[in-house]
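Asker: My structure is below; once you've seen it, I'll send some questions.
Here, each number is a calculation from the coordinates, and none is a lab measurement. Predicted model only: the values in this text are computed from it and were never measured. No Cβ is skipped: glycine too gets one built from the backbone with ideal geometry, and neighbour counts run over all protein chains shown.
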Amino acid sequence: MELDLTWMTFIMLLLASYRLTHLIVFDKITEFIRKPFLTKKKISQNETKTVPKSNIGYLLTCYWCAGIWSAIFLGLIYLWVPDIAKYLIFILAIAGGQAILESFVGVNIKRTALYDEEAKELK
């Protein structure tokens, strides 16, 4: 079996996988999926940490683990049902690209605000 994959399709799959992974591991909207598999562990008198209860909990909180499964899922649906998968991949790719851009913009906006505060203190 030969895989005929353009660079654009590969980049879209990459961005879609990034966004799906972020959605599973970090986003508030999918917290209800992660919550049953997590527990709070007391680290010190004033500090608690959320830790996985099981391997499924670890999978849902491990960026590297969820990334592998996201890539497998998107790759397989692209190979098996490309006419349907292309819409999901398209939407996730746009959202993934936007998330990466927002990360850079957000960091630079915070830096600019920090520099403004420092400049005011110097005056």
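Asker: Give a residue-ordered list of calculated ³J(HN,Hα) values for region 70-84 (Karplus: 6.51 cos²θ - 1.76 cosθ + 1.60, θ = phi - 60°; whole Hz; x for Gly, Pro).
Answerer: 5, 5, 4, 4, 5, x, 5, 5, 5, 6, 7, 9, x, 5, 8
Asker: A further question on this structure: Just in region 11-59: which trypsin sites (Lys or Arg not before Pro) are loop by DSSP and have at most 12 other Cβ atoms within 10 Å? Intermediate values should be presented prior to the final figure.
Answerer: Values: sites: R19, K28, R34, K40, K41, K42, K49, K53; in loops: K53.
Sites meeting the loop and neighbour criteria: K53.
Asker: Arranged by the count of other C-beta atoms within 10 angstrom, fewest first, what order do V51, V107 take?
Answerer: Going from least to most buried by this count: V107, V51.
Asker: Another one. Which longest uninterrupted range of the chain lacks any GluC sites (Glu not before Pro) assigned by DSSP to a loop state (not H, G, I, E or B) and surrounded by at most 12 other Cβ atoms within 10 Å?
Answerer: Values: sites that count: E2, E47.
Within the chain, the longest run free of exposed GluC sites (Glu not before Pro) spans 48-123.
Asker: Could I ask something else about it? Relative to the present Cα-Cα distance, how much length would full extension add between L5 and W80 at 0.36 nm per residue of separation? Before the final figure, lay out the partial values.
Answerer: Values: separation 75, 0.36 × 75 = 27.00 nm, distance 1.39 nm.
Value of the extension gain: 25.6 nm.
Asker: Using only the Cα atoms of region 7-122, what semi-axes does the equivalent ellipsoid have when each is the square root of 5 times a gyration tensor eigenvalue? Give whole Å, largest first. Don't jump to the answer; show the numbers that get you there.
Answerer: Numbers: eigenvalues 195, 137, 17 Å².
Gyration-tensor ellipsoid for region 7-122: 31, 26, 9 Å.
Asker: Counting only helical runs of four or more DSSP H residues, what would the 222 nm mean residue ellipticity of the chain come to if each run contributes -39,500 (n - 2.57) and the total is spread over all its residues?
Answerer: Details: 5 runs with 89 residues, N = 123.
About -24500 deg cm²/dmol.
Asker: Another question about this same structure. Under the rule of at least 5 residues apart or a separate chain, name every residue whose amide H is placed under 5 Å from the amide H of L38.
Answerer: Placed amide hydrogens put K53 under 5 Å from L38.
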